[in-house]
Amino acid sequence: MVAEEIRVRGTVQGVGFRPTVYRLAKVCGLGGDVCNDGEGVLIRVSGSEEAITEFVAKLQTECPPLAKINELIRTPYAGELNFNNFVISSSVNSAIKTEIAPDAATCSECQKEIFDPFSRFYRYPFTNCTHCGPRLSIIRAIPYDRCNTSMSAFVMCPECAKEYHDVENRRFHAQPVACHACGASAWLERADGKAVTASMFSMLDDVDAVCTLLQKGEIVAIKGLGGFHLACDATQEIAVEKLRYSKKRYHKPFALMARDVEVIEQYCGVNVKEKELLTSPAAPIVLLQKRGLGTGDWELGIEVEKKLAVSVAPGQNSLGFMLPYTPLHHLILRRMNRPIVLTSGNIADEPQCIDNDEAREKLGTIANYFLLHNRDIINRVDDSVVRVVGDKVQTIRRARGYAPAAISLPPGFENVPPILAMGSELKNTFCLLREKEAILSQHLGDLENGAAFHSYKETLNLYLNLFEHEPEIIAIDKHSEYLSSKVGKEFAEKNQIKINPVQHHHAHIAACMAENHIPLDSPPVLGIALDGLGYGEDGKLWGGEFLLADYRKITRLATFKPVAMIGGEQAIYQPWRNTYAQLIAANFWDSWQEKYADLEIVQFLNNKPLKLLNQLIYKGINSPPASSVGRLFDAVAAAIGIYRDECSYEGQAAIAMEALVNANNLNNDKEMLIYPFEFSLLDSIYCIDPRPMWQGLLDDLQQQIPKSVIAGKFHKGLANAIVEMVKLLCQENIINHVVLTGGVFQNCILLELVSKSLETLGIKVLTHRLVPANDGGLSLGQAVITAAQLRR
């Protein structure tokens with residue numbers, strides 16, 4: 001007989017791990033115990049060496065569906081184990097090194113129960129077990145025990161307590177377990193305060209009544225898992241348009257929810273990988289290609305219940321769909337044969353409401369009805385957004401279902417000190433880095449919004465307390481005016497710790513390196529970081545960079561020609577400003593006005609105060625030069641008449657232009673002409689100049705070439721210029737990997753064109769999968785750069 005202590009780290013609390021340990025220990029005939037503690041799960045076992053080895057092997061192959069073992073360490077146990085059997089012991093409070101599991105979509109067994117009239121969970125909207133249900137959204141502290149969650153307000157009834165303590169039951173130690181008799185409850189309210197009566201509509205209960213209300217064209221605010229949503233029938237234009245304008249979300253596409261994949265397939269193509277994502281425990285919003293885009297989809301014999309409202313996703317060729325991920329959603333959609341809009345319950349860019357009173361106050365002028373419940377949401381968690389590009393998953397927004405699962409760090413990042421990285425101004429996340437792993441927060445939004453900034457600080461404090469994280473150094477963006485940078489400086493000053501400013505595009509590249517497990521001391525990669533803008537090493541605005549980079553430093557090898565952002569931030573929301581700046585930079589405006597006088601864009605620009613604009617440019621008044629590829633996209637989009645005058649969100653014009661391009665035609669038309677770009681030198685580095693591209697584009701406009709063709713030629717020409725620059729740089733530098741990162745590489749067409757061309761040349765390409773290419777992944781890069789620089 002031997003005795004061992006087995007330490008298991010990873011996502012092992014609140015996911016049915018201890019019951020699995022118990023069951024396997026019984027099968028292998030072992031004595032001992034298992035408990036939760038701050039580091040994860042601690043197992044003590046006694047038995048034959050062969051039996052313990054078999055037990056460990058089974059533990060890894062029969063891991064519960066939501067569990068993830070990052071580390072398993074076996075050591076001899078020096079003390080005495082006085083166990084005649086195997087038991088589950090009480091949790092032990094100790095230093096926090098374990099993970100918190102993300103919220104998980106309703107499992108198939110719980111789905112069966114809520115629709116089974118003979119089950120005690122029939123139509124119970126908060127049914128869950130160890131394989132599904134709330135985790136991050138309800139937790140206040142670790143260990144993940146009921147007393148540390150918002151379920152502490154509900155005392156288990158005898159039947160739930162029996163299942164909770166029955167090791168053979170899948171609800172064994174499921175902390176949120178509850179039923180009609182003892183758990184949270186949901187109810188319907190009218191926004192006008194009048195009573196809701198059963199005679200108003202045929203319904204089984206208040207949850208079922210929501211379906212009837214949606215079918216009648218009403219807007220309903222629904223308290224869900226990580227926040228409120230606003231819902232309406234996605235096929236009713238009046239309801240969708242009313243929701244859009246009441247919420248002040250004038251152009252951004254709405255997310256959709258459908259009862260099942262079959263409903264989604266009426267409106268979008270769904271491949272195997274996309275179906276896996278839709279039906280996964282994370283249940284994210286998946287961006288899917290619309291049917292009926294010239295590929296003959298409508299002729300495939302697919303019957304559509306009802307066409308979607310135009311206002312759901314204006315100017316888009318894709319739709320964001322998700323499946324029901326809580327019993328509440330399953331019950332609402334049981335009778336719904338068409339999709340519903342399910343968008344964040346907020347005004348414009350504010351955070352989602354999570355409190356009943358807050359929702360009544362803020363959403364009362366938008367929603368006609370409220371579906372509320374009394375299980376408190378502790379952590380606000382928005383829906384994740386992903387898409388499949390080629391055969392790879394690309395994360396657009398990392399939140400529910402994925403956060404805060406730890407990201408394991410590459411070799412070389414062992415024994416790093418605790419670090420806090422503050423993230424960016426837009427699409428913010430922050431990152432806690434500790435030994436061997438990085439914990440990214442859920443998506444927190446744009447900090448320029450006051451409510452979002454307040455939520456950011458609240459969530460940051462919660463994470464620091466949850467994980468007992470005491471950073472020894474703070475990583476911030478080099479842009480000192482970012483609110484996240486200011487908070488980082490205040491935190492560092494208050495706690496008398498060091499601060500490390502990190503260059504924006506270096507962080508983008510390092511994040512991609514880290515998630516692709518490039519070891520710390522690897523040779524430099526060629527990082528291509530294309531985005532809106534970031535503060536450069538030279539104090540100027542960058543956004544189209546070719547950087548030779550490792551985790552510690554960068555060397556700028558090439559860039560795009562800097563062009564003035566006329567009016568500063570105004571250029572982000574008024575794309576025509578970028579068009580004019582590009583034409584001025586190309587020395588075309590004065591010499592070509594007569595040649596292109598008949599063009600709509602030229603006539604449009606001539607109606608602007610050009611003398612004033614010229615003064616701003618030439619005197620450098622609020623018109624900083626930026627090498628931004630994001631603004632180049634805006635300039636081209638405005639030139640061909642896409643959101644020329646004004647955008648309601650950054651990148652809107654570029655996204656709409658991408659939607660014009662038929663990717664199949666682009667890939668198949670080998671003879672399509674492309675717009676040329678030229679290379680030159682700028683301050684001793686290479687520079688990509690779009691000047692010749694503009695001449696070709698204006699000629700095409702004059703010849704009335706379709707917008708879709710012009711957009712396609714621009715995408716293909718830009719991709720070709722990037723690839724040619726890589727070829728040039730590879731001749732002069734030893735490069736093993738090329739990293740494609742930054743928000744511009746969320747453009748699927750550009751990403752695929754560049755990736756495939758480079759791979760054809762035998763170049764290894766690294767792209768994002770786990771964290772967004774946009775600023776949502778920036779904090780991971782800030783953290784690993786800081787860790788690497790500390791280990792010089």
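Observations, loosely collected:
- If you go through region 136-168 and keep only what is hydroxyl-bearing (Ser, Thr, Tyr) and in a helix (DSSP H, G or I), you end up with 137, 150, 152, 164.
- Members of region 408-440 that are under 17 Å from residue 512 (Cβ atoms) and open to solvent by less than 10 Å² (accessible area, probe 1.4 Å): 410, 413, 421, 423, 424, 429, 431, 433, 438, 440
- Condition met for residue 537 (more than 19 Å from residue 781 (Cβ to Cβ), assigned to a loop (DSSP other than H, G, I, E, B) and open to solvent by 10 Å² or more (accessible area, probe 1.4 Å)): no
- Subset tally (residues that are in contact with a helix residue (DSSP H, G or I) (Cβ under 8 Å, 6 or more places away or on another chain) and under 17 Å from residue 540 (Cα atoms)) for region 606-631: 7
- Total residues in region 10-56 satisfying the condition of being closer than 16 Å to residue 70 by Cβ, touching a Lys or Arg at 6+ places or on another chain (Cβ under 8 Å) and surrounded by fewer than 21 Cβ atoms within 10 Å (Cβ to Cβ): the figure is 4.
- Residues within region 254-308 that are under 19 Å from residue 237 (Cα atoms), part of a loop (DSSP other than H, G, I, E, B) and either modelled with pLDDT of 95 or more or among the aliphatic types (A, V, I, L, M) (or both), tallied: 6
- Applying the condition of being assigned to a helix (DSSP H, G or I), polar (S, T, N, Q) and over 24 Å from residue 289 (Cβ atoms) to region 701-760 and asking which residue is most open to solvent (accessible area, probe 1.4 Å) yields 731.
- Scanning region 491-505 for residues that are basic (Lys, Arg) and either closer than 11 Å to residue 422 by Cα or touching a residue at least 24 places away in the same chain (Cβ under 8 Å) (or both) yields one hit, 498.
- Test: residue in region 211-218 that is polar (S, T, N, Q), open to solvent by 10 Å² or more (accessible area, probe 1.4 Å) and over 22 Å from residue 375 (Cβ atoms): yes
- Selection over region 761-774 of residues that are in contact (Cβ under 8 Å) with a residue 12 or more places away in the chain, open to solvent by 20 Å² or more (accessible area, probe 1.4 Å) and out of contact with any strand residue (DSSP E or B) (no Cβ under 7 Å at 6 or more places or on another chain) gives a count of 1.
- Residue tally, condition touching a residue at least 24 places away in the same chain (Cβ under 8 Å) and either in contact with a His (Cβ under 7 Å, 6 or more places away or on another chain) or of a type outside the set (D, E, K, R) (or both), over region 39-69: 18
- Those residues of region 361-377 which are open to solvent by 10 Å² or more (accessible area, probe 1.4 Å) and either in a loop (DSSP other than H, G, I, E, B) or free of Cβ contacts under 8 Å to residues at least 60 places away in the same chain (or both), in sequence order: 361, 362, 364, 365, 368, 374, 375, 376, 377
- The residue of region 572-590 that is surrounded by the most Cβ atoms within 10 Å (Cβ to Cβ), among those that are hydroxyl-bearing (Ser, Thr, Tyr) and more than 20 Å from residue 703 (Cβ to Cβ), is 580.
- Residues within region 540-551 that are more than 17 Å from residue 425 (Cα to Cα), surrounded by 24 or more Cβ atoms within 10 Å (Cβ to Cβ) and either modelled with pLDDT under 95 or not hydroxyl-bearing (Ser, Thr, Tyr) (or both), tallied: 5
- Residue within region 168-187 that is modelled with pLDDT under 95, of a type in the set (A, V, I, L, M, F, W, C) and either within 33 Å of the chain's Cα centre (by Cα) or open to solvent by 40 Å² or more (accessible area, probe 1.4 Å) (or both) present: yes
The values are calculated or read from the model by the stated rules, or taken from the named source; none is laboratory data. Predicted model only: the values in this text are computed from it and were never measured. Quick reminder, even Gly has a Cβ in these numbers, built from the backbone with ideal geometry, and neighbours come from all protein chains shown. In case anyone asks, the SASA skips ligands and DNA or RNA and just uses the protein heavy atoms, side chains included. Shrake-Rupley method; radii C 1.70, N 1.55, O 1.52, S 1.80 Å.
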